[in-house]
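What follows is a short report on a single structure.
The values are calculated or read from the model by the stated rules, or taken from the named source; none is laboratory data. These figures come from a predicted structure and were not determined experimentally. Note: ideal-geometry Cβ built from the backbone for every residue, glycine included; neighbour counts use all protein chains shown. Heads up: the accessible areas ignore ligands, DNA and RNA and are worked out on the full protein's heavy atoms, side chains in. Shrake-Rupley method; radii C 1.70, N 1.55, O 1.52, S 1.80 Å.
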Amino acid sequence: MDSSLGANHSPGCVHDSGGLPIYVIHGPHFRVVRIADSLFEGNRWPGGSGGAIAALDTGSTWITDCTFVDNEAGSTGGAVMLTGKSGYEMHRITGCIFWRNRTLQATGGGGALSWDRSGGVLRGNTFVECFADAVGSVLAIDQELTERLEMDHNVFAYNSGAPALFLGPSSEQPIAGCNLFWDNEEGNWYLYESDETDLFVDPRLCDLINGSEFTGDLSVADASPCLPSNSSCGELIGARGEGCTDLAVEATTWGAIKGMYRAPAAAYRGQTNSRSGRE
(Lines give C-alpha, C1' and ligand atoms only; values in the text may rest on other atoms or scores of the structure.)
Protein backbone atom coordinates (compact mmCIF):
# COMPACT_ATOMS: atom_id res chain seq x y z
CA MET A 1 0.00 0.00 0.00
CA ASP A 2 1.30 3.47 -0.92
CA SER A 3 0.68 6.84 0.69
CA SER A 4 1.35 10.21 -0.95
CA LEU A 5 1.85 13.74 0.33
CA GLY A 6 2.28 16.59 -2.10
CA ALA A 7 2.30 20.37 -2.52
CA ASN A 8 2.66 21.02 1.20
CA HIS A 9 4.20 24.03 2.93
CA SER A 10 5.41 23.30 6.44
CA PRO A 11 6.46 26.65 7.96
CA GLY A 12 8.12 27.52 11.24
CA CYS A 13 6.99 24.72 13.53
CA VAL A 14 8.89 24.31 16.80
CA HIS A 15 8.79 21.14 18.89
CA ASP A 16 10.03 20.67 22.43
CA SER A 17 12.12 17.69 23.55
CA GLY A 18 9.02 15.51 23.75
CA GLY A 19 7.58 16.59 20.42
CA LEU A 20 7.69 15.18 16.92
CA PRO A 21 8.91 16.56 13.60
CA ILE A 22 6.46 17.44 10.86
CA TYR A 23 6.22 13.94 9.42
CA VAL A 24 7.02 10.84 11.43
CA ILE A 25 6.35 7.70 9.46
CA HIS A 26 6.12 4.49 11.42
CA GLY A 27 5.96 1.33 9.38
CA PRO A 28 5.46 -0.86 7.70
CA HIS A 29 1.90 0.48 7.59
CA PHE A 30 2.59 1.72 4.07
CA ARG A 31 4.85 0.03 1.56
CA VAL A 32 5.90 3.35 0.04
CA VAL A 33 5.37 6.87 1.38
CA ARG A 34 5.85 9.56 -1.28
CA ILE A 35 6.50 13.21 -0.41
CA ALA A 36 6.74 15.54 -3.40
CA ASP A 37 6.71 19.21 -4.44
CA SER A 38 6.65 20.48 -0.86
CA LEU A 39 8.45 23.24 1.02
CA PHE A 40 9.74 22.60 4.56
CA GLU A 41 10.87 25.89 6.03
CA GLY A 42 12.01 26.97 9.49
CA ASN A 43 11.01 23.81 11.37
CA ARG A 44 12.87 22.99 14.59
CA TRP A 45 13.14 19.92 16.80
CA PRO A 46 15.84 20.87 19.35
CA GLY A 47 15.50 17.62 21.29
CA GLY A 48 15.55 15.09 18.51
CA SER A 49 16.53 14.04 14.99
CA GLY A 50 14.95 15.04 11.70
CA GLY A 51 13.95 18.70 11.93
CA ALA A 52 11.36 18.40 9.15
CA ILE A 53 10.97 14.68 8.38
CA ALA A 54 11.83 11.58 10.39
CA ALA A 55 11.27 8.21 8.75
CA LEU A 56 11.66 5.56 11.43
CA ASP A 57 11.95 1.89 10.48
CA THR A 58 9.63 2.52 7.59
CA GLY A 59 9.12 0.60 4.37
CA SER A 60 10.35 3.09 1.80
CA THR A 61 10.26 6.89 1.80
CA TRP A 62 10.55 8.73 -1.51
CA ILE A 63 11.16 12.49 -1.30
CA THR A 64 11.08 14.21 -4.67
CA ASP A 65 11.38 17.84 -5.85
CA CYS A 66 11.10 19.28 -2.32
CA THR A 67 12.83 22.28 -0.76
CA PHE A 68 14.23 22.31 2.78
CA VAL A 69 15.22 25.72 4.16
CA ASP A 70 16.34 26.74 7.68
CA ASN A 71 15.30 23.51 9.40
CA GLU A 72 17.07 22.44 12.61
CA ALA A 73 17.37 19.31 14.73
CA GLY A 74 19.16 18.78 18.01
CA SER A 75 21.26 15.73 17.25
CA THR A 76 21.15 14.37 13.68
CA GLY A 77 19.41 15.15 10.41
CA GLY A 78 18.82 18.90 10.49
CA ALA A 79 16.18 18.50 7.78
CA VAL A 80 15.65 14.75 7.30
CA MET A 81 16.43 11.55 9.20
CA LEU A 82 16.04 8.21 7.42
CA THR A 83 16.43 4.82 9.08
CA GLY A 84 15.42 1.33 8.11
CA LYS A 85 15.76 -2.39 8.76
CA SER A 86 17.19 -5.26 6.82
CA GLY A 87 14.70 -6.53 4.27
CA TYR A 88 12.84 -3.23 3.90
CA GLU A 89 12.75 -1.32 0.65
CA MET A 90 15.11 1.55 0.09
CA HIS A 91 14.63 5.29 0.54
CA ARG A 92 14.98 7.82 -2.28
CA ILE A 93 15.74 11.55 -2.25
CA THR A 94 15.84 13.12 -5.71
CA GLY A 95 15.70 16.62 -7.16
CA CYS A 96 15.61 18.41 -3.78
CA ILE A 97 17.13 21.65 -2.49
CA PHE A 98 18.69 21.71 1.01
CA TRP A 99 19.67 25.25 2.01
CA ARG A 100 20.81 26.44 5.47
CA ASN A 101 19.74 23.35 7.43
CA ARG A 102 21.69 22.51 10.58
CA THR A 103 22.08 20.43 13.71
CA LEU A 104 22.30 22.27 17.02
CA GLN A 105 24.29 20.11 19.43
CA ALA A 106 28.10 20.08 19.58
CA THR A 107 28.00 16.35 18.89
CA GLY A 108 25.44 16.68 16.10
CA GLY A 109 25.84 15.22 12.62
CA GLY A 110 24.17 15.38 9.24
CA GLY A 111 23.31 19.07 8.99
CA ALA A 112 20.92 18.31 6.15
CA LEU A 113 20.46 14.57 6.29
CA SER A 114 21.20 11.51 8.39
CA TRP A 115 20.81 8.12 6.73
CA ASP A 116 21.24 4.89 8.69
CA ARG A 117 20.81 1.15 8.12
CA SER A 118 18.67 1.29 4.96
CA GLY A 119 20.23 1.87 1.53
CA GLY A 120 18.66 3.80 -1.28
CA VAL A 121 19.15 6.58 -3.81
CA LEU A 122 20.46 10.12 -3.26
CA ARG A 123 20.44 11.69 -6.71
CA GLY A 124 20.29 15.12 -8.30
CA ASN A 125 20.08 17.24 -5.13
CA THR A 126 21.69 20.55 -4.18
CA PHE A 127 23.12 21.05 -0.67
CA VAL A 128 24.25 24.60 0.16
CA GLU A 129 25.18 26.35 3.44
CA CYS A 130 24.29 23.43 5.71
CA PHE A 131 26.02 23.03 9.08
CA ALA A 132 26.90 20.37 11.63
CA ASP A 133 29.43 20.81 14.38
CA ALA A 134 30.72 17.24 14.69
CA VAL A 135 30.31 15.10 11.56
CA GLY A 136 28.79 15.52 8.12
CA SER A 137 27.75 19.12 7.52
CA VAL A 138 25.48 17.66 4.82
CA LEU A 139 25.22 13.88 5.21
CA ALA A 140 26.05 11.56 8.10
CA ILE A 141 25.90 7.77 7.85
CA ASP A 142 26.70 6.53 11.34
CA GLN A 143 25.38 2.98 11.25
CA GLU A 144 26.07 0.24 8.74
CA LEU A 145 23.80 0.27 5.71
CA THR A 146 21.91 -2.94 4.99
CA GLU A 147 21.82 -2.06 1.29
CA ARG A 148 24.11 0.01 -0.92
CA LEU A 149 23.46 3.74 -1.26
CA GLU A 150 23.52 5.11 -4.80
CA MET A 151 24.78 8.70 -4.56
CA ASP A 152 25.29 10.63 -7.77
CA HIS A 153 24.74 13.95 -9.57
CA ASN A 154 24.56 15.96 -6.32
CA VAL A 155 26.03 19.40 -5.55
CA PHE A 156 27.77 19.88 -2.18
CA ALA A 157 28.87 23.52 -1.90
CA TYR A 158 29.58 26.16 0.76
CA ASN A 159 28.76 23.89 3.73
CA SER A 160 30.54 24.33 7.06
CA GLY A 161 31.28 23.07 10.58
CA ALA A 162 32.43 19.58 9.54
CA PRO A 163 33.39 17.82 6.28
CA ALA A 164 30.37 17.65 3.98
CA LEU A 165 30.09 13.83 4.00
CA PHE A 166 30.64 11.44 6.89
CA LEU A 167 30.68 7.68 6.53
CA GLY A 168 31.00 5.64 9.70
CA PRO A 169 33.87 3.14 9.81
CA SER A 170 31.48 0.19 9.31
CA SER A 171 29.58 1.79 6.43
CA GLU A 172 29.94 0.40 2.93
CA GLN A 173 31.07 2.85 0.27
CA PRO A 174 28.21 4.37 -1.78
CA ILE A 175 27.89 3.64 -5.47
CA ALA A 176 28.86 7.17 -6.41
CA GLY A 177 29.68 9.32 -9.40
CA CYS A 178 29.34 12.78 -10.92
CA ASN A 179 29.01 14.55 -7.57
CA LEU A 180 30.27 18.14 -7.44
CA PHE A 181 32.16 19.44 -4.39
CA TRP A 182 33.07 23.09 -3.91
CA ASP A 183 34.24 25.36 -1.09
CA ASN A 184 33.11 23.21 1.82
CA GLU A 185 34.75 24.91 4.78
CA GLU A 186 36.06 21.86 6.64
CA GLY A 187 36.66 19.69 3.60
CA ASN A 188 34.55 17.47 1.41
CA TRP A 189 34.38 14.14 3.25
CA TYR A 190 35.51 11.69 5.91
CA LEU A 191 36.08 8.06 4.77
CA TYR A 192 34.32 8.59 1.45
CA GLU A 193 36.26 7.28 -1.56
CA SER A 194 35.94 9.76 -4.38
CA ASP A 195 34.92 8.51 -7.82
CA GLU A 196 36.93 9.55 -10.87
CA THR A 197 33.85 11.28 -12.29
CA ASP A 198 33.41 13.56 -9.25
CA LEU A 199 33.98 17.26 -9.95
CA PHE A 200 35.82 19.86 -7.89
CA VAL A 201 34.85 23.08 -9.62
CA ASP A 202 32.69 26.14 -8.97
CA PRO A 203 29.05 25.23 -9.74
CA ARG A 204 28.38 28.83 -10.81
CA LEU A 205 25.23 29.32 -8.76
CA CYS A 206 23.10 32.22 -9.92
CA ASP A 207 22.92 33.73 -6.44
CA LEU A 208 26.66 34.38 -6.49
CA ILE A 209 26.69 35.44 -10.12
CA ASN A 210 24.13 38.15 -9.40
CA GLY A 211 25.35 39.18 -5.94
CA SER A 212 27.55 38.29 -2.99
CA GLU A 213 24.99 36.46 -0.84
CA PHE A 214 22.58 33.57 -1.22
CA THR A 215 18.92 34.47 -1.64
CA GLY A 216 17.65 30.99 -2.46
CA ASP A 217 18.10 31.05 -6.23
CA LEU A 218 20.16 27.89 -6.51
CA SER A 219 19.82 27.56 -10.26
CA VAL A 220 23.07 27.71 -12.22
CA ALA A 221 24.56 29.96 -14.88
CA ASP A 222 24.71 29.03 -18.54
CA ALA A 223 28.43 28.19 -18.27
CA SER A 224 28.03 25.98 -15.19
CA PRO A 225 29.69 22.56 -15.18
CA CYS A 226 26.42 21.26 -13.70
CA LEU A 227 24.67 21.52 -17.05
CA PRO A 228 24.72 18.45 -19.31
CA SER A 229 26.20 20.44 -22.19
CA ASN A 230 29.19 21.51 -20.09
CA SER A 231 30.06 18.24 -18.38
CA SER A 232 31.28 14.81 -19.38
CA CYS A 233 28.66 13.37 -17.02
CA GLY A 234 26.02 14.12 -19.66
CA GLU A 235 23.21 14.75 -17.16
CA LEU A 236 22.20 17.63 -14.91
CA ILE A 237 24.18 17.78 -11.64
CA GLY A 238 22.12 19.19 -8.79
CA ALA A 239 18.45 20.03 -8.51
CA ARG A 240 18.21 23.17 -10.65
CA GLY A 241 19.07 23.88 -14.26
CA GLU A 242 20.06 27.07 -16.05
CA GLY A 243 18.71 30.26 -14.52
CA CYS A 244 21.06 33.11 -15.47
CA THR A 245 23.85 34.26 -17.77
CA ASP A 246 27.34 33.84 -16.40
CA LEU A 247 29.03 36.96 -17.74
CA ALA A 248 27.38 40.27 -18.61
CA VAL A 249 27.99 41.52 -22.14
CA GLU A 250 28.26 45.27 -22.72
CA ALA A 251 28.52 47.15 -25.98
CA THR A 252 31.83 48.97 -26.39
CA THR A 253 34.33 50.17 -28.99
CA TRP A 254 37.61 48.67 -30.13
CA GLY A 255 39.41 51.78 -28.91
CA ALA A 256 37.99 51.32 -25.42
CA ILE A 257 39.11 47.71 -25.35
CA LYS A 258 42.68 48.69 -26.33
CA GLY A 259 42.62 51.41 -23.69
CA MET A 260 42.00 48.81 -20.99
CA TYR A 261 45.34 47.19 -21.76
CA ARG A 262 47.24 50.51 -21.67
CA ALA A 263 46.32 51.06 -18.02
CA PRO A 264 49.27 50.96 -15.57
CA ALA A 265 49.92 47.47 -14.27
CA ALA A 266 49.97 48.78 -10.71
CA ALA A 267 46.28 49.56 -10.99
CA TYR A 268 45.52 45.86 -10.98
CA ARG A 269 47.74 44.70 -8.14
CA GLY A 270 46.09 42.96 -5.24
CA GLN A 271 42.87 42.16 -7.06
CA THR A 272 41.41 38.70 -7.07
CA ASN A 273 38.10 37.25 -8.16
CA SER A 274 38.73 33.60 -7.42
CA ARG A 275 37.21 31.17 -4.96
CA SER A 276 39.05 28.04 -3.93
CA GLY A 277 37.65 24.66 -2.90
CA ARG A 278 39.27 22.14 -0.55
CA GLU A 279 39.42 18.39 -0.68
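Some notes on this structure:
- The stretch 91-221: antiparallel DSSP beta bridges as a percent of all, rounded to 5: 5
- Rh by Kirkwood over Cα pairs, then Stokes-Einstein D for the stretch 79-236 at 0.890 mPa s and 25 °C, µm²/s: 158
- Tail fraction, Cα-Cα pairs, the stretch 133-212, threshold 16 Å, whole percent: 52
- Separation in nanometres of the label points that stand 7 Å from Cα toward Cβ, at residue 195 and residue 214: 2.4
- The candidates 193, 129, arranged from most to least accessible area with a 1.4 Å probe in the full protein assembly, appear as 193, 129.
- The figure for residue 37 is an accessible area of roughly 100 square angstrom, using a 1.4 Å probe on the protein chains alone.
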